[in-house]
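Right, one structure below, let's go through it.
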Amino acid sequence: MPNSKEKADDEKLDLVTQVVYSFFCESSDFNGISLRDISKKTGMEYKVSIDIVKQLVEQRDLSIQSSTNPHIIGVRHHPIEAQLELLEQAKSFTVTEKKVGPITFVSENTDYPICVYPSPLYLQAHRDLDSFSYAKYSKALALGEGQLSFRFFESDVIERYAADPRFLFSFEDFSGHISCKYDDDGNPIVREEDQVFVKSFGLGFDSAKNRVIAVILRDLGRLSPEHQIHWSAKELPVTECKVLSDYYDNAINGNWITVRSVFTALIDEINAIHTLTESIFGVPLFRKSLDGDNRPRNFTFFFSPTTKNYYDFINLLDKYLSENINKAFFKDWLELEELKKTDDETFERIQKGTLRLLEEWICKVFRFASEDAPSELMAPLKKVRKERQKPAHKVIDNTYDTSLIDLQKEVIQSCYFSLGSLRRLLQSHPKASSVELNKAIDKDNVKCF
């Protein structure tokens, strides 16, 4: 039979456990309670409450987080020994109080405060999950999984939103976000269940190096149960996938990443050529510069390798290239038309294509060590034009083909290199020395993910 001291100790253990458990379950964002608040809520002396927490950590009932933001469970739970060591160190933490008018601000004198959580084992045994229905990722958070841990999905999981005009869908180099649209009065234009907001998703890779979508559990848990079902149907095993290191460093570690995708780099080259030609010749070679921050949906590596997605990408790339070339740029240099013989006695006057005009202009203005250089520079741009014409001349079934991944890479990289070569040729012009361009344009930081 337990003596009075043992009984008192058990009561303290139960009290601290219930305070921590209740705080976690009642919080709006699966938050932990600070060590100081445990002491206040239980009426225990601060160091005594820490010893109780240590005992409960050893029993696998509680778990702690210590970081600059310990109020959420981060990537994972720490080893027991590390937790115990951190708790012992916390006994030396002091607090500073600062009174501003009627309000007193209290801060702990440490860069790594501690918050306490029920352990996953304790939550598995005690938490009622009925209220979470089919919300798989909300359940995982309710059971104490790391909010910043990643889940991985087949790339077509995001295409539902990309195809629906009621959703805003944008990409950066290796990340993107999804949200529903709102009307002029600030009201969502979709029903409540579809009011989706995925703050950030990024690139990952499976064991076969195929691209996958990576999302942190915290963002998934905020989706409606209906959309969580959609995502879970496309989920891939965590053990078979990994997140792109650049995205991880940016999203989790908060590091400023300076790498650029080849898509961003190609847009930078088009804009540089636009600026150079307008400054040097008074007329830009490209009709318009491009907005790299708000580029169209198909200008990305994120979509699945289907023939439809590939030709949508080709169509857009050709609009950026051959369709964007300004014919007025060549009028003082070249004949814009040619006579084509239709029979023995008549000729037809036809317009020269933009890529032909560009190649003729390059041959006229620049000198090359090799006579093949102009055609080599133009070959990638011509290939895009030729690829774009395929769907116009025959019906192409929409198929899933992983070889399109490498084909897309080859196309975008070769066009980027061609535009870069043309831009450097333009920079050799005497008037180009005073033209200011994006300082990142010649940095060796371009990646083809």
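The values are calculated or read from the model by the stated rules, or taken from the named source; none is laboratory data. Remember, it's a predicted structure, so these values are computed and weren't measured experimentally. We place every Cβ from the backbone using ideal geometry, glycine too, and count neighbours over all the protein chains shown. Accessible surface is based on the protein model in full, side chains and every heavy atom, while ligands, DNA and RNA are left aside. Shrake-Rupley method; radii C 1.70, N 1.55, O 1.52, S 1.80 Å.
Residue count for region 212-247 under the criterion of being farther than 22 Å from SER138 by Cα and surrounded by 20 or more Cβ atoms within 10 Å (Cβ to Cβ): the result is 3. Are any of the residues in region 187-194 in contact (Cβ under 8 Å) with a residue 60 or more places away in the chain, surrounded by 15 or more Cβ atoms within 10 Å (Cβ to Cβ) and either touching a Lys or Arg at 6+ places or on another chain (Cβ under 8 Å) or closer than 23 Å to LYS409 by Cβ (or both)? No, region 187-194 contains no residue that is in contact (Cβ under 8 Å) with a residue 60 or more places away in the chain, surrounded by 15 or more Cβ atoms within 10 Å (Cβ to Cβ) and either touching a Lys or Arg at 6+ places or on another chain (Cβ under 8 Å) or closer than 23 Å to LYS409 by Cβ (or both). Scanning region 272-283 finds one or more residues that are touching a Lys or Arg at 6+ places or on another chain (Cβ under 6 Å), farther than 30 Å from SER133 by Cα and surrounded by 21 or more Cβ atoms within 10 Å (Cβ to Cβ).
Residues in region 97-108 that are β-branched (Val, Ile, Thr) and either open to solvent by less than 60 Å² (accessible area, probe 1.4 Å) or closer than 26 Å to ILE73 by Cβ (or both): VAL106 alone. In region 302-323, the residues that are in contact (Cβ under 8 Å) with a residue 40 or more places away in the chain form Cβ pairs under 7 Å with partners that are among the small types (Gly, Ala, Ser) and open to solvent by less than 20 Å² (accessible area, probe 1.4 Å), at six or more places apart or across chains, as follows: PHE302/SER155; PHE302/GLY176; PHE303/SER155; SER304/SER155. Consider region 170-186 and keep the residues that are hydrophobic (A, V, I, L, M, F, W, C) and in contact (Cβ under 8 Å) with a residue 60 or more places away in the chain. The one that is nearest to VAL212 (Cα to Cα) is PHE174.
Of everything in region 422-445 that is of a type in the set (Lys, Arg) and at pLDDT below 90, the residue that is least open to solvent (accessible area, probe 1.4 Å) is LYS443. I need a count of the residues in region 335-357 that are open to solvent by 30 Å² or more (accessible area, probe 1.4 Å), within 45 Å of the chain's Cα centre (by Cα) and not basic (Lys, Arg). Qualifying residue count, region 335-357: 3.
Counting the residues of region 113-162 that are of a type in the set (A, V, I, L, M) and under 21 Å from GLN18 (Cα atoms) gives 10.
When each of PHE197, PHE201 is tested for being within 19 Å of PRO305 (Cα to Cα) and of a type in the set (Phe, Trp, Tyr), the lone residue that passes is PHE201.
Go through the residues of region 198-205 one by one and say whether even a single one is loosely packed, with under 15 Cβ neighbours inside 10 Å and either touching a Ser or Thr at 6+ places or on another chain (Cβ under 6 Å) or not acidic (Asp, Glu) (or both). Yes, region 198-205 contains at least one residue that is loosely packed, with under 15 Cβ neighbours inside 10 Å and either touching a Ser or Thr at 6+ places or on another chain (Cβ under 6 Å) or not acidic (Asp, Glu) (or both). Which residue is most open to solvent (accessible area, probe 1.4 Å), if the candidates are limited to region 301-334 and must be of a type in the set (Gly, Ala, Ser) and assigned to a helix (DSSP H, G or I)? In this case the residue turns out to be ALA328.
Considering only residues that are over 17 Å from SER322 (Cα atoms), touching a residue at least 12 places away in the same chain (Cβ under 8 Å), out of contact with any Ser or Thr (no Cβ under 9 Å at 6 or more places or on another chain) and not charged (D, E, K, R), which ones fall in region 347-397? Scanning region 347-397 gives ILE350, VAL365.
One line per residue, one yes/no per condition, for (1) touching an Asp or Glu at 6+ places or on another chain (Cβ under 7 Å); (2) closer than 24 Å to ARG211 by Cα; (3) of a type outside the set (D, E, K, R):
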site	(1), (2), (3)
PRO374	yes, no, yes
LEU377	no, no, yes
LYS382	no, no, no
ARG385	yes, no, no
SER434	no, no, yes
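Answer yes if at least one residue in region 64-85 is basic (Lys, Arg) and within 25 Å of ARG222 (Cβ to Cβ), and no otherwise. Yes, region 64-85 has at least one match. The listed residues are ILE33, ILE64, ILE38, and the only one of them that is at pLDDT 95 or above, farther than 19 Å from ARG76 by Cα, surrounded by 17 or more Cβ atoms within 10 Å (Cβ to Cβ) and among the β-branched types (Val, Ile, Thr) turns out to be ILE38. The single condition among (1) open to solvent by less than 80 Å² (accessible area, probe 1.4 Å); (2) not in a loop (DSSP other than H, G, I, E, B) that ASP293 does not satisfy is (1). The condition of being modelled with pLDDT of 95 or more, farther than 21 Å from SER261 by Cα and open to solvent by 20 Å² or more (accessible area, probe 1.4 Å) holds for GLU360.
Conditions (1) in contact (Cβ under 8 Å) with a residue 24 or more places away in the chain; (2) part of a strand (DSSP E or B); (3) more than 12 Å from the chain's Cα centre (by Cα), marked per residue:
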site	(1), (2), (3)
ALA214	yes, yes, no
ASP219	no, no, yes
GLY254	no, no, yes
THR264	yes, no, yes
ASN271	yes, no, yes
HIS274	no, no, yes
THR277	yes, no, yes
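For region 109-123, residues that are under 13 Å from SER34 (Cα atoms) and either open to solvent by 50 Å² or more (accessible area, probe 1.4 Å) or of a type in the set (A, V, I, L, M, F, W, C) (or both) total 4. Tallying residues that are of a type outside the set (S, T, N, Q), closer than 21 Å to ALA233 by Cα and not in a loop (DSSP other than H, G, I, E, B) within region 114-148 yields 8. Only a single item in (1) closer than 22 Å to ASP164 by Cα; (2) without any contact (Cβ under 8 Å) to a residue 40 or more places away in the chain; (3) open to solvent by 50 Å² or more (accessible area, probe 1.4 Å) is not met by ASN298, and it is number (3).
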